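The values are calculated or read from the model by the stated rules, or taken from the named source; none is laboratory data. Since the model is a prediction, treat every value here as computed from it, not as a measurement. No Cβ is skipped: glycine too gets one built from the backbone with ideal geometry, and neighbour counts run over all protein chains shown.
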Protein chains: 2
Amino acid sequence: MISVSDVLDELHSSLSDGQVITDPDVIDSYRRDQTPALAPGQPLCVVAARATADVTATLAWAQRHEVPVVPRGGGTSLAGGATATDGCVVLSTATMSAICEVDPDNEVAVAQAGVLNADLDRAAAAYGLMYAPDPSSYEISTIGGNLATNAGGLRCVKYGVTRDSVLGLEVVLAGGRVLRTGRRTVKGVAGYDLTSLFVGSEGTLGVITSATLRLRPRPPVYPRTVAASFANFEAGARAVTAIIAARVKPSLLELMDRATLRAIDDWKHTGFGDGVQALLIAQDDSDAAEAGAERMRELCVEHGATMAEVSGSDDESRQLLELRRLSYPALERLGVPLVEDVCVPRTLLPDMVARIEQAGQRHGVFIATVAHAGDGNLHPVFVFERGLPEVPRPVWSAADEVFRAALELGGTLTGEHGVGVIKRRWLADELGPESMAVHQAIKNALDPAGILNPGKAI
Amino acid sequence: MISVSDVLDELHSSLSDGQVITDPDVIDSYRRDQTPALAPGQPLCVVAARATADVTATLAWAQRHEVPVVPRGGGTSLAGGATATDGCVVLSTATMSAICEVDPDNEVAVAQAGVLNADLDRAAAAYGLMYAPDPSSYEISTIGGNLATNAGGLRCVKYGVTRDSVLGLEVVLAGGRVLRTGRRTVKGVAGYDLTSLFVGSEGTLGVITSATLRLRPRPPVYPRTVAASFANFEAGARAVTAIIAARVKPSLLELMDRATLRAIDDWKHTGFGDGVQALLIAQDDSDAAEAGAERMRELCVEHGATMAEVSGSDDESRQLLELRRLSYPALERLGVPLVEDVCVPRTLLPDMVARIEQAGQRHGVFIATVAHAGDGNLHPVFVFERGLPEVPRPVWSAADEVFRAALELGGTLTGEHGVGVIKRRWLADELGPESMAVHQAIKNALDPAGILNPGKAI
């Protein structure tokens with residue numbers, strides 16, 4: 001019988017020195033992502049890939065020995081998408097971090113999977129361009145992880161999600177074959193849209209090693225920003241609907257609830273405390289930003305804002321954005337935050353928030369909500385006691401209610417974080433049996449041994 | 001042994017009167033699409049579906065008897081995508097033409113597959129919205145066909161292709177199961193992106209019966225329009241690159257070559273005859289259209305335009321667009337037009353046009369080119385003698401050179417028309433063996449009997 005040590009030796013022999021990591025301390029740091037209170041498995045080893053050939057060698061080896069493969073970028077998943085399983089190889093592409101090309105005239109970049117989102121954006125900035133997708137983790141998450149989860153962000157309301165900025169991929173398939181999907185052109189219909197199939201497949205169909213990405217003209221650094229407070233979340237949500245209906249094209253439209261605002265105020269003394277029940281932050285990054293921002297301010301006033309102001313300076317804009325970015329750290333001060341991610345048709349935001357509040361009250365769970373309101377994407381943050389081995393039962397009961405409510409309202413379990421480990425038990429409720437069967441058929445076609453990120457996504 | 005008549009009786013019995021058509025004259029009108037000089041097969045029958053259940057019944061029957069299914073919308077394919085094969089059932093969804101819902105606040109519509117593109121757009125217009133994808137066939141092509149081919153159009157340069165306006169689908173799979181993909185929300189990452197997999201799959205994976213579509217704010221009917229003439233196509237293409245680089249956001253950016261302009265002038269005496277070697281037509285449909293159009297005019301002048309003017313009236317705008325729309329009928333006066341559809345990185349437009357001209361000269365074929373220049377998408381129109389049973393060999397030889405040139409320049413065989421029948425022999429050159437294998441694996445997973453639109457797309 002072949003021993004574990006023989007199997008590992010074989011992997012060592014096909015990679016360079018230092019690429020196969022078996023040091024228990026290092027392995028330990030690769031077991032978890034940023035999802036709280038999950039019990040990860042114990043990996044066999046970690047592979048730090050430096051080139052596509054390393055990924056090929058690892059996947060060929062994994063197939064031969066039926067070793068589960070957990071692909072990993074920055075490890076910032078909030079859904080357990082990069083959680084290790086027992087006996088797996090954690091395959092890190094974070095070490096493949098070359099920006100291979102920026103073509104400013106065609107507004108295209110080619111980047112390896114391990115490039116940090118913010119680094120790509122900075123490289124684009126040198127040409128007056130930007131990489132639009134901006135998940136909150138942009139300084140620490142990788143393009144590969146962003147692609148695998150079809151990550152969203154704050155600017156989606158104007159620029160779309162990660163998928164909308166991808167032209168083509170290099171993907172290593174189960175067994176090690178290298179597939180190239182898509183193209184360098186914006187249009188192209190030769191063959192199936194395999195690019196979109198791999199984007200958002202959470203590492204279950206192949207390992208993305210590089211991508212051809214679309215860049216866009218870079219807007220001003222600090223666009224005009226509007227802040228408006230409301231007597232309740234519903235009024236804020238109505239203002240959001242009015243802004244969209246008025247054909248203003250905000251580049252950001254965020255709504256924060258009272259619980260979030262209090263958590264920030266308790267920490268930073270912002271003044272958005274007791275009196276303010278909901279705060280809307282909106283931006284217009286167009287050439288007509290001044291007029292757009294003023295129109296949004298007026299619409300907020302027309303829809304009952306108790307305060308509505310346009311930022312007078314870049315500094316004020318920055319501070320308002322900073323306020324939004326403080327939501328999670330502020331909630332983290334109160335306990336362990338489980339950040340959820342439902343999405344509903346935009347006009348049903350008030351209904352969804354009411355359902356979230358009811359679920360929190362019914363199960364005695366503290367929930368604070370921040371919404372990418374322009375997209376109907378809400379992040380109810382369930383906060384619970386520190387130091388528990390797993391998520392407490394009432395939190396899951398409340399989350400269960402929240403997920404079911406999102407589906408009842410014609411929405412989805414996950415707008416941008418992915419299914420990962422934590423939402424699998426609800427997935428069939430959203431997709432239905434036919435869709436589950438098609439998912440399984442595609443998975444079987446591309447990963448018949450079922451070793452790519454098992455237990456995730458589908 | 002079961003007879004053909006028994007098999008047809010079984011189909012009759014599961015559908016309503018008049019839905020199964022076997023009249024030879026009617027069948028004859030369903031054998032061809034708008035691709036010239038293809039020899040279609042002889043269908044067994046035509047089914048005019050009125051509801052999803054009819055499609056289900058037809059696909060279940062087809063699977064039982066291994067009858068090939070050729071799905072059909074408006075029959076406007078230019079790639080042979082809806083050409084009948086021998087012994088097939090032509091399954092028309094053109095008769096499923098209900099606009100089920102327009103939700104103006106969430107900017108969403110639900111439409112059956114047979115709704116005409118222009119009808120959906122008109123329904124949206126009642127709410128100040130538009131359905132953005134606008135293939136040239138918009139008055140006669142169906143949403144179902146647009147989805148199956150991921151149709152493009154003139155406005156893609158600003159609003160993207162059909163895929164960018166689709167949120168979810170109802171699809172009947174081989175055997176008759178009904179799959180629902182996607183959702184009503186703009187964001188959503190639960191499961192694989194099956195919506196994008198079916199969009200552009202040319203009827204080979206399932207039959208789309210209805211779709212949840214994204215609407216957008218409706219711009220003015222006649223946006224400001226710029227017309228600029230150039231001493232050669234290359235100069236026009238350089239102006240296109242300059243317009244994009246200048247961050248102007250044109251809603252349309254079309255470039256016509258000398259051969260096209262002469263064909264129109266010979267017919268309509270437009271004045272764009274001998275002296276003009278290339279004509280650029282650009283539009284800005286934004287609120288800042290006046291400034292945008294003026295900026296584009298200036299850029300044309302800076303890049304050597306021999307004439308550049310902004311339309312003074314809606315009527316002038318309309319006439320310029322009309323000029324563009326006259327390209328194909330004008331070329332049709334000269335013979336049979338085979339409209340091709342390559343796409344290259346935008347900055348390589350001049351190279352591609354040069355390669356097209358060389359191919360035409362080398363093989364003695366008349367080629368006129370119109371380009372959706374903002375996307376790098378060119379339509380070289382190969383014109384040949386009327387009344388031939390098939391496309392003459394020199395035309396294919398020239399087309400072969402054109403396709404290979406597009407691939408060499410990092411482009412694609414087809415920007416928006418699809419592979420259909422006519423580009424299959426080049427598909428592997430673009431996709432490569434790994435991609436072809438993945439395509440086949442997915443096809444086998446979803447249509448193991450291989451009866452959905454056989455001989456098309458992959």
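Does A:V67 qualify as being in contact with a helix residue (DSSP H, G or I) (Cβ under 9 Å, 6 or more places away or on another chain), under 19 Å from A:V207 (Cβ atoms) and not assigned by TED's automatic domain parsing to the domain that holds A:I208? Considered against the rule, which asks whether it is in contact with a helix residue (DSSP H, G or I) (Cβ under 9 Å, 6 or more places away or on another chain), under 19 Å from A:V207 (Cβ atoms) and not assigned by TED's automatic domain parsing to the domain that holds A:I208, A:V67 comes out as yes.
When segment B:120-138 is filtered for residues that are among the acidic types (D, E) and in contact with a strand residue (DSSP E or B) (Cβ under 7 Å, 6 or more places away or on another chain), only B:D121 remains. Restricting segment A:89-102 to residues that are closer than 21 Å to A:V67 by Cα and in contact (Cβ under 8 Å) with a residue 60 or more places away in the chain leaves a set whose member that is farthest from the chain's Cα centre (by Cα) is A:V89.
Scanning segment A:103-121 for residues that are in contact (Cβ under 8 Å) with a residue 40 or more places away in the chain and among the β-branched types (V, I, T) gives A:V108, A:V110. When segment A:122-142 is filtered for residues that are within 18 Å of A:R218 (Cβ to Cβ) and either without any contact (Cβ under 8 Å) to a residue 12 or more places away in the chain or touching a Pro at 6+ places or on another chain (Cβ under 9 Å) (or both), the ones remaining, listed by number, are A:R122, A:A124, A:A126, A:Y127, A:G128, A:L129, A:M130.
Has segment B:13-24 got any residue that is under 26 Å from B:V395 (Cβ atoms) and at pLDDT 95 or above? Among the residues of segment B:13-24, not one is under 26 Å from B:V395 (Cβ atoms) and at pLDDT 95 or above, which makes the answer no.
Mind checking whether some residue in segment B:350-364 is out of contact with any strand residue (DSSP E or B) (no Cβ under 6 Å at 6 or more places or on another chain), surrounded by fewer than 23 Cβ atoms within 10 Å (Cβ to Cβ) and within 14 Å of chain A (Cβ to nearest Cβ)? Yes, because at least one residue in segment B:350-364 is out of contact with any strand residue (DSSP E or B) (no Cβ under 6 Å at 6 or more places or on another chain), surrounded by fewer than 23 Cβ atoms within 10 Å (Cβ to Cβ) and within 14 Å of chain A (Cβ to nearest Cβ). Among residues of segment B:236-290 being within 25 Å of B:P133 (Cβ to Cβ) and among the basic types (K, R), the one that is nearest to the other protein chains (Cβ to nearest Cβ) is B:R247. Restricting segment B:320-347 to residues that are touching a Lys or Arg at 6+ places or on another chain (Cβ under 8 Å) and at pLDDT 95 or above, the residue that is farthest from B:P135 (Cα to Cα) is B:G335. From the list B:A246, B:A242, B:A231, B:A211, the lone residue that is in the same structural domain as B:L194 (by TED's automatic domain parsing) and either within 17 Å of B:E309 (Cα to Cα) or among the small types (G, A, S) (or both) is B:A211.
Restricting the search to segment A:418-443, which residues are touching a residue at least 12 places away in the same chain (Cβ under 8 Å) and more than 7 Å from every other protein chain (Cβ to nearest Cβ)? Steps first, please.
To start, the set of residues in segment A:418-443 that are touching a residue at least 12 places away in the same chain (Cβ under 8 Å) comprises A:418-424, A:426-427, A:429-430, A:436, A:439-440, A:442-443.
Those that are touching a residue at least 12 places away in the same chain (Cβ under 8 Å) and more than 7 Å from every other protein chain (Cβ to nearest Cβ): A:G420, A:V421, A:I422, A:K423, A:R424, A:W426, A:D429, A:M436, A:Q440, A:K443.
Looking only at segment B:444-458, residues that are of a type in the set (A, V, I, L, M, F, W, C), within 16 Å of B:G200 (Cα to Cα) and more than 10 Å from chain A (Cβ to nearest Cβ) come to 1 in all.
Looking only at residues that are in contact (Cβ under 8 Å) with a residue 60 or more places away in the chain and more than 9 Å from every other protein chain (Cβ to nearest Cβ) in segment B:406-417, which one is farthest from B:V161 (Cα to Cα)?
We begin by selecting, within segment B:406-417, every residue in contact (Cβ under 8 Å) with a residue 60 or more places away in the chain; these are B:406, B:409-417.
Now restrict to residues that are more than 9 Å from every other protein chain (Cβ to nearest Cβ): B:406, B:409.
On the way: B:A406: 20, B:L409: 22 Å.
Filtering first and then ranking leaves B:L409.
Conditions (1) in a helix (DSSP H, G or I); (2) of a type in the set (S, T, N, Q); (3) under 23 Å from B:M352 (Cβ atoms); (4) touching a Pro at 6+ places or on another chain (Cβ under 7 Å), marked per residue:
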{"position": "B:G236", "(1), (2), (3), (4)": "yes, no, yes, no"}
{"position": "B:A239", "(1), (2), (3), (4)": "yes, no, yes, no"}
{"position": "B:P250", "(1), (2), (3), (4)": "no, no, yes, no"}
{"position": "B:M256", "(1), (2), (3), (4)": "no, no, yes, no"}
{"position": "B:D265", "(1), (2), (3), (4)": "yes, no, no, no"}
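Evaluate segment B:378-394: report whether one residue or more is surrounded by 24 or more Cβ atoms within 10 Å (Cβ to Cβ), of a type in the set (A, V, I, L, M) and within 14 Å of chain A (Cβ to nearest Cβ). Scanning segment B:378-394, I find at least one residue that is surrounded by 24 or more Cβ atoms within 10 Å (Cβ to Cβ), of a type in the set (A, V, I, L, M) and within 14 Å of chain A (Cβ to nearest Cβ), so the answer is yes. Could you list, in sequence order, all residues of segment A:48-81 that are within 30 Å of A:V391 (Cβ to Cβ) and assigned to a strand (DSSP E or B)? Result: A:V69, A:V70, A:P71, A:R72.
Identify the residue in segment B:103-133 that is small (G, A, S) and assigned to a strand (DSSP E or B) and, among all such residues, is farthest from the chain's Cα centre (by Cα).
Among them, the one singled out is B:A109.
Condition first: more than 25 Å from A:V186 (Cα to Cα) and among the acidic types (D, E). Can you find one or more residues in segment B:190-202 that meet it? For segment B:190-202, residues more than 25 Å from A:V186 (Cα to Cα) and among the acidic types (D, E): absent. Restricting the first member to segment A:15-38 and to residues that are surrounded by 20 or more Cβ atoms within 10 Å (Cβ to Cβ) and assigned to a strand (DSSP E or B), and the second to residues that are modelled with pLDDT of 95 or more and of a type in the set (V, I, T), the beta-carbon pairs closer than 7 Å and six or more apart or on different chains are A:V20/A:V47. Within the option set B:A79, B:A49, B:A53, B:A60, being outside the structural domain of B:Y328 (by TED's automatic domain parsing), in contact (Cβ under 8 Å) with a residue 12 or more places away in the chain, surrounded by fewer than 18 Cβ atoms within 10 Å (Cβ to Cβ) and of a type outside the set (D, E) holds for one residue only, B:A60. Pairs are defined by a Cβ separation below 8 Å, a sequence spacing of at least 6 or placement on different chains, a first member in segment A:180-209 that is more than 7 Å from chain B (Cβ to nearest Cβ) and free of Cβ contacts under 8 Å to residues at least 40 places away in the same chain, and a second member that is in a strand (DSSP E or B) and polar (S, T, N, Q); the pairs so defined are A:G182/A:T212; A:T195/A:T181.
Go through segment A:322-349 and count every residue that is among the polar types (S, T, N, Q) and surrounded by fewer than 24 Cβ atoms within 10 Å (Cβ to Cβ). Explain how you work it out, then say what you get.
Keep residues of segment A:322-349 that are among the polar types (S, T, N, Q), which gives A:327, A:347.
Applying the additional criterion that residues be surrounded by fewer than 24 Cβ atoms within 10 Å (Cβ to Cβ) yields A:347.
Summing the residues that are among the polar types (S, T, N, Q) and surrounded by fewer than 24 Cβ atoms within 10 Å (Cβ to Cβ) in segment A:322-349 gives 1.
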